[in-house]
1. To the nearest 0.05, what FRET efficiency results for Asn76 and Val161 with a Förster distance of 22 Å applied to their C-beta separation?
2. FRET efficiency for Asn123 and Asp46, Cβ-Cβ distance as r, R0 = 30 Å, nearest 0.05?
3. Highest mean first, how do 130-139, 71-80 rank when packing is the count of other Cβ atoms within 10 Å averaged over residues?
4. Which whole-number value in Å² is the accessible area per residue of the chain, probe 1.4 Å?
5. Rounded to the nearest 0.05, what FRET efficiency do Val141 and Lys2 give with R0 = 41 Å and r taken as the Cβ-Cβ distance? Could you check?
6. Quick one: how many lysine pairs in region 83-181 have C-alpha atoms under 16 angstrom apart, if they're 8 or more apart or on different chains?
7. Just to be sure I understand the model, the point goes 7 Å from the Cα along the line to the Cβ. What's the resulting Leu89 to Glu56 distance in nm?
8. Could you work out what % of the accessible surface of region 5-180 is carbon and sulfur, using a 1.4 angstrom probe and leaving DNA, RNA and ligands out of the count?
Amino acid sequence: MKGKLFIVSGPSGSGKSTVTKLVRDILNIPLAISVTTRQMRVGEVDGKDYYFITKEDFERKISNGELFEYANVHGNYYGTLNSEIEKHLENGKNVILEIDVQGGVIAKSKRSDSILVFFKAPNLEELEKRLRGRKTDSEEVIQKRLKNAIKELEYEKDYDVTIINNDIEDSCKQLIEIIEG
């Protein structure tokens, strides 16, 4: 029996990464590791958090048809390798893709059986508070992410279910219910 593909998306600061990591650990679900051209953040590990590659290498993967989906987000490429998805699904494991909203829509068009989960903060004020609380981005990047969040929220209608992340524990319970459905 093949596994199911769950796609988790939402604006930066919505809490999707935190919740997804906790749920993956609880349910022992692999995350298909994304590939990106952005710089590695403190504490991140290449091959665990992302595959960090050059723009040229990324564009070569696009040309070779190696990517299930990809998008340019905040000036950097992000994408998912076909091989990352298939190796788990073929072994009967569920897979969670944590990807940009554009990628989520593309992924659904390629695999209609995938389940799209949209994460968002309760409001834009809370979203800004979370972004600033990370202390990882410059003011310019924070402003760019807030501006992009408004556009990203328009994609909510294209998703199967929305989780408003007021509380990490409650959001984890909601995502587990969706996965175990």
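The values are calculated or read from the model by the stated rules, or taken from the named source; none is laboratory data. From a predicted model like this one, the values you see are computed outputs, not experimental measurements. All Cβ positions, glycine included, derive from the backbone under ideal geometry; neighbour counts span all protein chains shown. When the accessible area is computed, the model is the full protein with side chains, heavy atoms only, and any ligands, DNA or RNA have been set aside. Shrake-Rupley method; radii C 1.70, N 1.55, O 1.52, S 1.80 Å.
1. Numbers: r = 28 Å, r/R0 = 1.25.
The formula returns an efficiency of 0.20 here.
2. Working: r = 35 Å, r/R0 = 1.16.
Here the calculated transfer efficiency is 0.30.
3. Listed from highest to lowest mean packing, they are 71-80, 130-139.
4. Numbers: 9650 Å² over 181 residues.
Normalised by residue count, the accessible surface of the chain is 53 Å².
5. Values: r = 39 Å, r/R0 = 0.95.
Rounded to the nearest 0.05, the efficiency is 0.60.
6. The number of close lysine pairs in region 83-181 is 9.
7. The modelled label-to-label distance comes out at 3.3 nm.
8. Summing carbon and sulfur atoms, their accessible area is 48 percent of the total for region 5-180.
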